[in-house]
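Report on the structure given below.
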Amino acid sequence: MNRRLILPLVVFLAGALVLAAAAIVTFAPGRQGQSGTGTASVGGPFALTTQEGRTLTDQDLRGAPFLVFFGFTHCPDICPTKLFEISEVLRAAGPKGEKLRALFVTVDPERDTPEIMKSYLGSFDPRIVGLSGDRPAIDAMIKAYRAYARKVPLQGDDYTMDHTALVYLMGKDGGFIGAFNIEQPPAQAAQEWLRHQ
C-alpha cells in the first residue's frame, strides 16, 4: 500500500472508532441520557396535545418513569402490537403501576388529530396517552428523542410512515434510561419499569 495513504487511513479509522464508542456510551442503558456536558442526549422539553385535548408537557410526567413510543394510527402492524404489549405490561404492574404512563406520539399529525387518537387508543390501557400537535412540535420531539420518521407515498394520494420502533424508558426525572425490552414477559417488563420509581 502507498505510504502516503496509510496515515490518512489510520486517522480516519481512529475517528470512526471514537464516534462509534461515543454512540455506544450515549445509548447505554442506565446512563440517564446525560452527555459529558450535563445535557440530555435523548429526550427533552415538549408540549403536545393529549387525546383528551389537553396540553401535556415533560414537566407533567416528573415523579414517575414513563415510556415513549412513536407511531401512527394507520400503522398496519408494529404500532398496534407494541401498544398491546405495553398494555399487558401496565396490567401486569397492578396497583403499584398506578402512576405509570406510556406516551404514544404520532409521527403523522396531519391525520392523527386528538379525536382520532382517542378513538384508536380506546382499545388499549387508559394509561397510554396519545400525543399529537402541529408538525413543527412533532418534528422537534422526534429530533429530541433521536427518532426517525419519513412519509412514504403509496398509490394515489395515500401514504404510510416509516418510523422508529424503539420503546424509550425515561426516568422519573425525565432522563433517558435506555431502550425498553417490551418483548420480554409482561411481569418481567413490569418489574423492570417499576424498579425505576
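The values are calculated or read from the model by the stated rules, or taken from the named source; none is laboratory data. Since the model is a prediction, treat every value here as computed from it, not as a measurement. All Cβ positions, glycine included, derive from the backbone under ideal geometry; neighbour counts span all protein chains shown.
Listed values, structure above:
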| item | result |
| --- | --- |
| Of all residues making up the range 146-176, the number that are in contact with a Phe, Trp or Tyr (Cβ under 8 Å, 6 or more places away or on another chain) and either at positive phi or in a strand (DSSP E or B) (or both) | 12 |
| Residue among Lys151, Lys143 that alone is under 20 Å from Ile78 (Cβ atoms), among the basic types (Lys, Arg), at pLDDT 95 or above and surrounded by fewer than 16 Cβ atoms within 10 Å (Cβ to Cβ) | Lys151 |
| Which numbered condition Gln191 fails, given (1) in a loop (DSSP other than H, G, I, E, B); (2) surrounded by fewer than 16 Cβ atoms within 10 Å (Cβ to Cβ) | (1) |
| Residue count for the range 51-76, restricted to those that are out of contact with any Phe, Trp or Tyr (no Cβ under 8 Å at 6 or more places or on another chain) and among the acidic types (Asp, Glu) | 2 |
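Condition check ((1) over 14 Å from the mean Cα position of the chain (by Cα); (2) of a type outside the set (A, V, I, L, M, F, W, C); (3) over 26 Å from Pro185 (Cβ atoms); (4) outside the structural domain of Thr160 (by TED's automatic domain parsing)) across all residues:
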position	(1), (2), (3), (4)
Thr55	yes, yes, yes, no
Gly63	yes, yes, yes, no
Lys99	yes, yes, no, no
Leu131	no, no, yes, no
Ile142	no, no, yes, no
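Per-residue answers, yes or no, for (1) in a loop (DSSP other than H, G, I, E, B); (2) of a type outside the set (A, V, I, L, M); (3) in contact (Cβ under 8 Å) with a residue 12 or more places away in the chain:
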residue	(1), (2), (3)
Val42	yes, no, yes
Thr49	no, yes, yes
Glu52	yes, yes, yes
Gly63	yes, yes, yes
Phe69	no, yes, yes
Phe104	no, yes, yes
Glu110	yes, yes, yes
